[in-house]
Every structure is written in C-alpha cells, then in structure tokens.
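The values are calculated or read from the model by the stated rules, or taken from the named source; none is laboratory data. Fair warning: this is a prediction, and the values are worked out from it, not measured in the lab. Here the Cβ positions follow ideal geometry from the backbone for every residue, glycine too, while neighbour counts run over all protein chains shown.
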Amino acid sequence: MKRLAWRTVLPAMLAIALFSGVVFMYLLPSLDRVVRDQKRLMIRELTESAWNVLARFEAEEQAGRLTREEAQAAAIGQTRNLHYGQQSKDYFWIIDMHPHMVVHPYRPDLEGTDLSRFADPAGKHLFVEMVQVVRAEGSGYVDYQWQWQDDDQRIVPKLSYVKGFAPWGWIIGTGVYTQDVDAEITSITSNLQTASLLILAAVSLLMFVLLRTSFQAERGRLRVAAALRGSEEKYRSLVESAGESILMAIEGQGLYANASLLHLLGYERNEFSGLEVGAIIRPTEAEIANDRRHWQAIADAVEAPTRYETELMHRDGHTLRVMLTLSRIVVQGHTGFMAVAARLSRPRELDIVFAADQEDVEAASRRTRDLATLMMNHGADAVQVSRMLSAGADGVVRKAVEFIVAELGPPPVPFDFMLLGSLGRSEVTLSADQDHAIIHVDVAADEEAAVQDYFLRMGSRLVEILEVAGYPRCPGGIMAGERACCQSLGGWCATFDRWTTTLESEDLLHARIFFDFRSALDEGQLVPALQDHLQRSVAAKPRFIPLLAHNVLHLEPPLNSFGGFVLQDFGNARRGLDIKGVLAQVVDVARLRSLQHGVKAAGTLERLEALADGGHLRAQTATDTAASFRTLLAERLRHQARRRANRLDMDNIIDPDDLAAERRRDLKQAFSQVKALQTSLQHEFGASP
C-alpha cells in the first residue's frame, strides 16, 4: 500500500502543483501584457483602415474627378461618421501639422482652432506631441488624458495611435481608454482565476476519486490475492463437504475426487489423482459412435449432453451405474469439467421420469435445485445450469399433467400447456415462479362450459403440484388455473390481437410475459399455430413495436456517466444492484427485435443468433449482447446459489463490492452493452430511456 501511495499520490500532487504554478505564476502575470499589446495592435489597425479612406479620396483628387477641397470635405464627412466599439461611441479625429483640429466628432468646438497650446489636465500638450511623433516616425503612440467618449465632464487616461497623411499634411488617429483596458484585464483575469480554480477543484476531485478507486482496487487485489492463496484448499474443502460424489478434471492438473466418490470407487486420493478420466467414466454407445466423450465436449465448450446415464469403473474392476451431471468450470484461468455422480439404485429420486407420486416429484425437483446450487458454487457454466433447471421444470410439468389426467380422466379435447416468461425461454433460475397457461382446440358453444371446467381444474391442480415441487405461485396470477390463462386457440388469438391493438400499459406488460412462450408437452400444432398468428398480428399493427420500444426503455442499467455503479436501497441497511432487472432489459431487447423481424425462437441466446443469421442484427452486436447475457445470468445464479447454500431468503440483490475486480469489470461491460442496445432503440424509434 505504501508503494501504491508513492506511485499514485506523488504524481497526482505534482500534476496539481504544476497546473497551479503555470496558471498563477505564468499565465495570469502575462495576461496584462498580452491584452495591452492586443489593444495597441487594434487601434493601429483601425487607424490604418481610416488612413486608407483619406488615401482613396486623395486618389480621386489625383485622377481629377474631385478638387482638393471636394476630396477633403468628403474625407472629413466620412471620418466624422466612422464609429466602432460598444454602442459605436469610439471614433477617429484629424488634425493638421500646425496643429489645427480638422475634425472631431465629439468636440466640434475645437474644429479649425489652433491646438498648439492645448493641454490635458496634467499639462501635456498632446496634439503638439502627436505632430512630433509623426514628424519623427511617421506614426506612433501617444498617451494623455481626454474626455470619456461624448461625456466632457469625465476625464480619463487614454492611449492613441496617430499616423500622418503627407499629401494633405494631416494626421489621423484613434485611441482606447486605458480604464477600459484595465477593466477588461480585470474581468478576464477574474474569469480565468475562477475557471482555473474550478478546473483545479475538478482535477483535485477527480484525482481524489481516482486515488480512492486505486486504493480500493489495491485492497481488493490484496483480498483476492489472499483468497487465491487459500482458494484451492477452500475449494477442495467445499467439495469434500458436499454429500454428492464429485469428480473434477482441470487442464494441466491431476484428477480430483471428493471423499464420497473415492469411497464409492474404492480408491486412495494419491492413487486416484494419477488416473485418466477415461479409466473412470466408461463411454456410452453414443460417445463411441461420435468418437468424442461428452465430458471432453463440455470442457471444450462444445454442445453435448450434460446429464446422462453411464457407468463408473470401481478399483476392483466392476462397474457402477450412475446418473452423471456435467458442467464446464474455469479455475484460476484453467478450463475443465466437474461431474456429479449419483447411483441409480433409487431412480425415482434421481430423475423426474421415474416419479410415481407427488412426493417423488418434489424430491426430484429439490435434487435438481441442489445439483444446480452445487454446480454454481463450484464454477459451472451458468447457461448449462439454467438449461438443466429448465429441463427439470419441463419434466415436473409433464409428470404433473400425467398425474392430473389420471385423476380427472382423459381431456375432452386436444390441448397443450404453454410455458411463459423464463420457463418459456428455458432460462430458469433458482428463484423461478410459475408462469403458464392452457391452450385447447376451439369447441362449439354448447361444449365450452364443460371443456373450460375440465381445464380450469387441471390448471388448478398443476399450480398445486408445482408449488409443492418448489415453484411459488405467480404474484400476478399468470397461471393455468386462472380463467384468463385457460383459453381455446381462437380465444388466445383474439387476446393477442387485443394486446397488439389497444396498446395499454397492462397489454404491453402482458406482451413481455406471454410472448415468450413455448409448448410444454410438444403435442399437436396448437402452440405453433398461435406463434404463426402472433407474427401476423404484430406485422399488421405498425404501432405495436414502437410503443413496445418505449415501454422497454423505461428502465436503464444502473451505471452512471462516469462508469460507476448506481446502487439502490433495498431496506434493512442493504444497498446493491437488482441483477434481475438488468438481465430483463437484455431479454426485452431480444424479444422486441424478434417480434419486429418475425423470429420464432423463445430463448434469448437463440433469438440473438437467429437475428444475426437473418441479417437483422450485426454479428458483433449479437456476440457482445450474448456475452453480456451470460455475464448477468452467471452473476444472478451465483448469488442465488450462495444464498440457497446459506439457507437465506432468495433475492436478486448483489453488492458489487463483494465481487472480484475482474467480475466487476465484466459487469460494467455488460451494463454498457445494455445501454448501447437502448441507445440503438432510441435512435430508431425516437424513444427516451
């Protein structure tokens, strides 16, 4: 820290001292000379210009177009009317070499009089001195005291420039009042001093902020360094304490297994670390056919199954049937994978497919969330974990429908469940609530009551089963047990048409939830037909997309103009960032662009890819936005996993001070990308965020 202080504070103080010295010891003292030189140059150039007036009329005399008397009279008339400066009260005068006053706009009483004995209040024979200067140099400066413009009661110092006009024996001149010059210098000096002090204050404040940030970053680096020194031990300790059987393979390091897996396979730790992954995890038929192991693909960030049945090799040679869950991990810059193995002795607890009752559904759902928590706390890829949670939610819905049909009897007409919101996008997190609806085929009017009654009962039972399985009820009532969320295909088409036509704020809110939908049962053409209708409805309503853009731009990412986080107060002395809100802004933009260009994909990453492939979004913008989405999703899931592991209430409030410098930087970059997306919408639709 001392080295940092010398490295940052000393240059900052030297910079401030140098700025102060240049301004107050050099610029301000030289200002007086510069301004006075500018005034002297000004009156010289003005006199030269007026002298040219005399020369022009003298040329007319030489050409014979005017007599001397006519030429001089014209020159006197034009000189009398030459004015400049503020309120046009600065002027020129002419004397001859005697001297006599030829013309003076404010002292006509002197015109034609002998000025050889005329003196200013200080006794200076100013006109005689002007003649002497012209005789000696042809032109020059004379200082004296004279009346203030047209006020003969006010006598002030003045500096004039005079130049002789030899053909007629005249001298023409003009001047500036030194009091004006002094006032201007004082004003400029005062303004410059004020500006310099403000700049100095701003620079000092900026230096303070930068130094404070540097010290905070240094303290953070030291904390991270200290944490890294113990990270491996802490990481292994966490894995050891887990009840699951866990295997980790990290690039350039030996194989690692926790105590549970070592016991399961009969190995000692030192012996196990020298083994190859292929000696532990037997390949499936699909892996042999593709000549690539799933765990290799996951480690290389290539798409592959993340949960599948396989066999592990025991030390004595026999095999153990397990359900293997894979995730990619990055530890201190090294990539690898983590595998969580669960024996298949009790399949109902491991996979929702085998659930026999509601209790099994709850157990399987809880296990999926436990696995997700474990994986996120051990560095797994957030998108993979979210998709695993989404697949788990899909399985719960399908199994629940199976139970409900067994209870209520066969459905009266073909139907499907629509998953909405994060469920519809397959972007489920550890705090996902219920958002779903029922769609069934159109029926005759005399059948509507009976059909509606059946599906409302089905929807209500689904809500109950999902709630027991760990999915809270939707606070907004967007659940299949509600009459508004249980409609025929024709009813949903009419509802979507109303939302894209009336454009009330509640309709736009519904669009942001219901328009992220997909089939839960993958049966029939009801959901695809509704997706096609939505595309046609949006295309036929040109006002819908611009108004949805205005609605999307109501919120901004919490980043100020200086690139700092803008924290909110959430009560109970908690301040932080609502990571869910920022993630929703990325989702909103992807949805808007997909509706605008007829993209049917529901997931945010899939939408961005489709938009780029269709030429509706620049490839680099799609890549940057996808990276921002991954960053925000990872921070949200890490936060939720940490709170779940510590048995704290689930929320989405993160404190950036709890993050390492690299993660804070990634978060700011993601926020900046969101702002760039919003700026693009603002330019296109004229909406203000």
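Selection within region 264-294: residues that are among the charged types (D, E, K, R) and in a helix (DSSP H, G or I). The member of this set that is surrounded by the most Cβ atoms within 10 Å (Cβ to Cβ) is GLU287. Within region 392-402, one or more residues are outside any loop (DSSP other than H, G, I, E, B), farther than 18 Å from ALA480 by Cβ and not acidic (Asp, Glu). Can you spot a residue in region 71-94 that is acidic (Asp, Glu), under 18 Å from GLY173 (Cβ atoms), modelled with pLDDT of 80 or more and outside any helix (DSSP H, G or I)? Looking for residues that are acidic (Asp, Glu), under 18 Å from GLY173 (Cβ atoms), modelled with pLDDT of 80 or more and outside any helix (DSSP H, G or I), one finds at least one in region 71-94, hence yes.
For region 68-81, the tally of residues that are closer than 24 Å to ILE155 by Cα and buried (at least 17 other Cβ atoms within 10 Å of the Cβ) stands at 2.
Mind checking which pairs have a first residue in region 378-397 that is closer than 14 Å to THR325 by Cβ and a second that is of a type in the set (Lys, Arg) and surrounded by 22 or more Cβ atoms within 10 Å (Cβ to Cβ), Cβ under 6 Å, 6 or more apart or different chains? The qualifying pairs are ASP381/ARG328. Does any residue of region 315-324 turn out to be surrounded by 18 or more Cβ atoms within 10 Å (Cβ to Cβ) and small (Gly, Ala, Ser)? No - not one qualifying residue is present in region 315-324.
Scanning region 614-671 for residues that are surrounded by 14 or more Cβ atoms within 10 Å (Cβ to Cβ) and not in a helix (DSSP H, G or I) yields HIS616, LEU617, ASP651, ASN652, ILE653, ILE654, LEU659, ALA660. Among the residues of region 245-263, those identified as more than 18 Å from ARG328 (Cα to Cα) and either small (Gly, Ala, Ser) or surrounded by 14 or more Cβ atoms within 10 Å (Cβ to Cβ) (or both) are ALA259, SER260, LEU261, LEU262. No other residue among ILE478, ILE513 is among the aliphatic types (A, V, I, L, M), closer than 23 Å to HIS554 by Cα and in contact with a Gly (Cβ under 6 Å, 6 or more places away or on another chain) apart from ILE513. Within region 111-133, the set of residues being free of Cβ contacts under 8 Å to residues at least 12 places away in the same chain and farther than 16 Å from ILE172 by Cα comprises ARG117, PHE118, ALA119, GLY123, HIS125.
Across region 568-595, the qualifying residues are those that are of a type outside the set (Lys, Arg), free of Cβ contacts under 8 Å to residues at least 40 places away in the same chain and touching a helix residue (DSSP H, G or I) at 6+ places or on another chain (Cβ under 9 Å), and the one among them that is farthest from GLU684 (Cα to Cα) is ALA584. How many residues does region 555-601 contain that are closer than 23 Å to LEU534 by Cβ and assigned to a loop (DSSP other than H, G, I, E, B)? Final tally of qualifying residues: 4.
Restricting to region 140-167, count the residues that are in contact with a strand residue (DSSP E or B) (Cβ under 8 Å, 6 or more places away or on another chain) and touching a residue at least 60 places away in the same chain (Cβ under 8 Å). Total meeting the criteria: 9. When MET479 is tested against (1) closer than 30 Å to ARG643 by Cβ; (2) out of contact with any strand residue (DSSP E or B) (no Cβ under 7 Å at 6 or more places or on another chain), exactly one condition is not met: (2). Count of region 289-321 residues, restricted to those that are touching a residue at least 40 places away in the same chain (Cβ under 8 Å) and either in contact with a Phe, Trp or Tyr (Cβ under 6 Å, 6 or more places away or on another chain) or closer than 19 Å to THR368 by Cβ (or both), is 6. Given (1) surrounded by 15 or more Cβ atoms within 10 Å (Cβ to Cβ); (2) not assigned by TED's automatic domain parsing to the domain that holds GLN640, where does PHE565 come up short, assuming only one miss? Result: PHE565 fails condition (2) only. With respect to the stated conditions, ARG387 is within 29 Å of the chain's Cα centre (by Cα), in a helix (DSSP H, G or I) and either at pLDDT below 95 or of a type outside the set (S, T, N, Q) (or both).
Restricted to region 463-552, the set of helices (runs of 4 or more DSSP H) holding at least 2 residues that are surrounded by 15 or more Cβ atoms within 10 Å (Cβ to Cβ), in contact with a Cys (Cβ under 8 Å, 6 or more places away or on another chain) and not polar (S, T, N, Q) comprises 526-539. Determine whether VAL538 is out of contact with any helix residue (DSSP H, G or I) (no Cβ under 9 Å at 6 or more places or on another chain) and at pLDDT 90 or above. For VAL538, the condition - out of contact with any helix residue (DSSP H, G or I) (no Cβ under 9 Å at 6 or more places or on another chain) and at pLDDT 90 or above - is not met. Checking each residue in region 605-632 for being hydrophobic (A, V, I, L, M, F, W, C), in contact (Cβ under 8 Å) with a residue 24 or more places away in the chain and over 17 Å from GLN384 (Cα atoms) picks out only LEU617. Name the residue that is farthest from VAL162 (Cα to Cα), counting only residues in region 107-126 that are in contact with a strand residue (DSSP E or B) (Cβ under 6 Å, 6 or more places away or on another chain) and part of a helix (DSSP H, G or I). Residue satisfying both the conditions and the ranking: LEU110. Of all the numbered requirements in (1) part of a helix (DSSP H, G or I); (2) closer than 26 Å to LEU324 by Cα; (3) modelled with pLDDT of 90 or more, ASP360 misses one, and that requirement is (3). Within region 168-191, the set of residues being surrounded by 15 or more Cβ atoms within 10 Å (Cβ to Cβ) and assigned to a helix (DSSP H, G or I) comprises TRP168, THR178, ASP180, VAL181, GLU184, ILE185, ILE188, THR189.
For region 432-469, filtering for residues that are over 30 Å from LEU633 (Cα atoms), in contact (Cβ under 8 Å) with a residue 60 or more places away in the chain and acidic (Asp, Glu) leaves 0. If the condition is being under 19 Å from LEU637 (Cα atoms), hydrophobic (A, V, I, L, M, F, W, C) and in contact with an Asp or Glu (Cβ under 6 Å, 6 or more places away or on another chain), then region 545-586 contributes only ILE579.
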